[in-house]
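Have a look at the structure below before the remarks.
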Amino acid sequence: MHLHKYEKIWLAFGMASLVVFLLVIGFAAFWKGTHPQSSLDMIDQNNIEAYDNFKPENLGLQEVADGKYKVNIVASTFNYDFGVDKDEKPVKTIRIPQGSTVLFTITTKDVVHGFQVAGTNVNMMVEPGHISRYETVMKKKGEYTIVCNEYCGIGHHQMFGKVEVY
Amino acid sequence: MAKKHPNSQAPAANEGSNLKGTFIMVMILGILMVGSWFGAYWLFISR
Amino acid sequence: MEATERNLQLFPKKDARLYMSFMYVTFTSLLVGGLMGLLQTFVRSGRFTLPFNINYYTILTVHGVILGLVLTTFFIIGFQFALMGKTVGISDKQRMVGWISFWMMLVGTVMAAVTILVGQANVLYTFYAPLAAHPAFYFGLAFVIIGSWISAFTNFRQLYVWKKAHKGEKSPLLAFMVVINMLMWVIASLGVAIAVVVQFIPWSLGMTDTINVLVSRTLFWYFGHPLVYFWLLPAYMAWYAIIPKIIGGKLFSDSLARLAFILLLMFSIPVGFHHQLTEPGIDPTWKFIQVVLTMMVVIPSLMTAFSIFATFEITGRRKGFSSLFGWFKKLPWGDVRFLAPFIGMVAFIPGGIGGIINASHQMNALIHNTIWVTGHFHLTVATTVILTYFGIAYWLVPHLTGRRLTPQLNKLGIIQSIIWTVGMLIMSTSMHIEGLLGGPRRSAFSNYAGGAQVDTWIGYQLAQAIGGTILFVGILLMTYIFIKLAFFAPKGVEEFPIAEEDTDAQKTPKILENWYLWVGITIALIAFAYTIPMIDIIKHSPPGSVPFKFPIGRS
Ligand code: HEM
Ligand SMILES: [Cu+2]
Ligand SMILES: [Cu+2]
């Protein structure tokens, strides 16, 4: 089998580019810890309240340290439970100061859902029996729509929320 | 393998051909690939 | 028989009837599925609601199943049967088995389609557990898969019989390619077959209480990536071995074409995790390993790009165009058998680049499950693959029906290709941009929580409706052309354009036909990429999930 000289150069260039891509994302993943969401923690989806994060009083936004927050969420068809506000009304908007580090932790009570804070890198699958989590810094001010981006049934497009970075 | 062809034209179909145009085309494609990838990577980092 | 003579010799009626049956299903699917696509873009524009209480997700399931699974599989199997018939021949018995395969797949398709249409399977074409469709849907899928295996084994047998009669000769290139594609298909669809038969069917019938969700998803995606290569490889067959003939040239390199197909076989299966990059329960190191393997599968496509350009250039230069790009201007732009696949090739440049971005591990979070992904595969499958299939149909259908692609039909074909290009450019580009802005896929129209972000999405959804309308016009035109070619075009002989090797081409190394070796490496790579993570997933399983019917509107 014979390769033309130009084909050799082309394949060398192409493969070198692929290696560069892999080195960049590999370095970011293994040394900087920016793997995609890959939590290995499990939970009994029929009894999620046994897990601290998902007790009703722990849902929604909590400040854990200066500039550090966590948000616990329970997904179910077709709703995100962010806890309740002072008037016992369900929270629909999470308000976070600009520049904070936020850890989103979520699980589902029933079928598979998605969880994306549109316009950020928070984008994860939510599956029964598993816990998904992703930490990010909210760098820019603005309103971000939370969407369920994995089909979960005929009300799928009515499953949403909002993050407000101020 | 080429030895089996005493015919001196054997590699003509391939090695001898002028493939300059092909080379320029694939390299444009390669640059597009690298450019778009780093564009996407930049977007990922900036978010 | 002389090759040119063979290209002009029509199939016996009995053979042609089998191959045409697959084409009828293909183009019926195109019309039905395309109509759904149009309605989807309308609904998503926010200016239209479906009549008769039809659910958005019912039509989306029809669209995905009919176009993604049915149209593709029927076209591929019909086309591949024709290639095998042309290059290695088919016996009476093999033809009969081919019919069994056809009917089995058709029965499966009808079962699944009816179940979807009566609203009992609003699960989309990926049918993720624990959403539970009616068992008839899963039975239908099982029939389609098993029917396709019957075709695969018939193709293996066809080449085997030919090899026995032609001791020491290398197999015809196209027959070799068909066998590679079918080997990949059988190995890959084992995954989804196990999921359907072992997990979904007993669970939907109530024979088992729960299903392991992550295992079912992993089995699905073990199949899901090679599925897209199963669509692509017939297009590559045409690019390597048909297009050179249409432009009046020769094969660029028989050996390199075979090598590319072998690499595609080896690396297109052990990569399914790149569809599960943001899922919990899978170790990120194993995800990364499969990302590395995904990059390997890019290499044969880099080879393909080079060999296509080189075929064009060599052919042009032989015809006497010596300037740097003179050969390019002289390609047969007025021949739809060339133009449609050519546009497909061009679409594969952004399509392939997008694919590399999608598969880049953590960067997947940028686009996962956004409408960018839909934009991506409407470039790859709904443009690259489909336009190449159309390009094939323009000569294959008249060759099978003993008619001719007349100059008028050729011209309509060119208009069709341009309409498709314009429509897709609008639809796919706006999907890509909306996706980067976070707009989700697989969603009926919604204002969500309102606000500026959602408003920009809706703007792009309007653009998609415009692109979708243009595309649907293209589908109507294609249907018209197909009906003409099948029933009304003037009688005659349309060439079956198979390119030949140069008389002075280098000999193809024997090792390229060592099936045990390549299948062995393929299986070893799969075992490497999947054994440990699969054991982990099974060992660390949460409680299983019961069937959920109410979310998809079943009571
Ligand atoms: C008239 C032409 C077409 C139009 C207007 C169209 C439109 C669309 C739209 C808007 C979606 C996304 C809907 C959503 O995510 O909510 C979609 C999904 C899809 N399309 Fe098309 N499409 C067309 C042709 C095709 C063709 C030719 C194929 C394949 C051969 C195809 C395969 C698919 C698949 C597999 C999906 C994914 C379904 C899912 O996510 O479950 N489409 N199409
Ligand atoms: Cu959802
Ligand atoms: Cu894939």
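The values are calculated or read from the model by the stated rules, or taken from the named source; none is laboratory data. The shown structure was predicted, so the numbers you read here are calculated from the model rather than taken from an experiment. Here the Cβ positions follow ideal geometry from the backbone for every residue, glycine too, while neighbour counts run over all protein chains shown. Calculation scope for accessible area: heavy atoms of the full protein, side chains included, ligands and nucleic acids excluded. Shrake-Rupley method; radii C 1.70, N 1.55, O 1.52, S 1.80 Å.
Only a single criterion out of (1) away from ligand 1 (no atom under 16 Å from the Cβ); (2) within 14 Å of chain A (Cβ to nearest Cβ); (3) open to solvent by less than 10 Å² (accessible area, probe 1.4 Å); (4) within 27 Å of C:TRP185 (Cα to Cα) is not satisfied by C:PHE252, namely (3).
Total residues in segment C:1-58 satisfying the condition of being at pLDDT 95 or above, within 30 Å of C:ALA499 (Cβ to Cβ) and of a type in the set (Val, Ile, Thr): the figure is 2.
Applying the selection to segment A:139-152, what residues are surrounded by 23 or more Cβ atoms within 10 Å (Cβ to Cβ) and either within 15 Å of ligand 1 (Cβ to nearest atom) or touching a residue at least 40 places away in the same chain (Cβ under 8 Å) (or both)?
Here is the first cut: in segment A:139-152, the residues surrounded by 23 or more Cβ atoms within 10 Å (Cβ to Cβ) are A:144-152.
If the condition is that a residue be surrounded by 23 or more Cβ atoms within 10 Å (Cβ to Cβ) and either within 15 Å of ligand 1 (Cβ to nearest atom) or touching a residue at least 40 places away in the same chain (Cβ under 8 Å) (or both), then A:ILE146, A:VAL147, A:CYS148, A:ASN149, A:GLU150, A:TYR151, A:CYS152 are the ones that fit.
Within segment C:298-331, the residues that satisfy the criterion of being open to solvent by 20 Å² or more (accessible area, probe 1.4 Å) and of a type in the set (Ser, Thr, Tyr) are C:SER301, C:SER322, C:SER323. Looking only at residues of segment C:448-465 that are in contact with a helix residue (DSSP H, G or I) (Cβ under 6 Å, 6 or more places away or on another chain) and more than 9 Å from ligand 1 (Cβ to nearest atom), we find that the one that is nearest to A:ASN79 (Cα to Cα) is C:TYR448. Does A:GLY99 satisfy the criteria of being assigned to a loop (DSSP other than H, G, I, E, B), more than 10 Å from every other protein chain (Cβ to nearest Cβ) and away from ligand 3 (no atom under 16 Å from the Cβ)? Yes; evaluated as a whole, the condition is true for this residue.
The C-beta contact set for segment C:62-73 (first residue within 14 Å of chain A (Cβ to nearest Cβ), second residue within 6 Å of ligand 1 (Cβ to nearest atom) and open to solvent by 10 Å² or more (accessible area, probe 1.4 Å), distance under 6 angstrom, 6+ apart or interchain) comprises C:HIS63/C:GLY37; C:GLY64/C:TYR125; C:VAL65/C:TYR125. Only one entry of A:THR105, A:THR136 meets the criterion of being more than 17 Å from A:ASP52 (Cβ to Cβ) and outside any loop (DSSP other than H, G, I, E, B), and that entry is A:THR136. Within segment A:108-133, the set of residues being within 7 Å of chain C (Cβ to nearest Cβ), under 9 Å from the mean Cα position of the chain (by Cα) and part of a strand (DSSP E or B) comprises A:GLY114, A:GLN116, A:ASN123, A:MET124, A:MET125, A:SER132. Identify, from the list C:ILE262, C:ILE269, the residue that is at negative phi and either within 16 Å of ligand 2 (Cβ to nearest atom) or surrounded by fewer than 24 Cβ atoms within 10 Å (Cβ to Cβ) (or both). Exactly one of C:ILE262, C:ILE269 is at negative phi and either within 16 Å of ligand 2 (Cβ to nearest atom) or surrounded by fewer than 24 Cβ atoms within 10 Å (Cβ to Cβ) (or both), namely C:ILE262.
Pairs meeting the criteria (first residue in segment C:24-52 and more than 16 Å from ligand 3 (Cβ to nearest atom), second residue polar (S, T, N, Q), beta carbons under 6 Å, at least 6 apart or on different chains) are C:LEU31/C:THR479; C:THR41/C:GLN464; C:ARG44/C:GLN461; C:SER45/C:GLN461. Among the residues making up segment A:10-36, those that are closer than 22 Å to B:LEU19 by Cβ and at the interface with another protein chain (Cβ under 7 Å from one of its Cβ atoms) are A:TRP10, A:LEU11, A:PHE13, A:GLY14, A:MET15, A:SER17.
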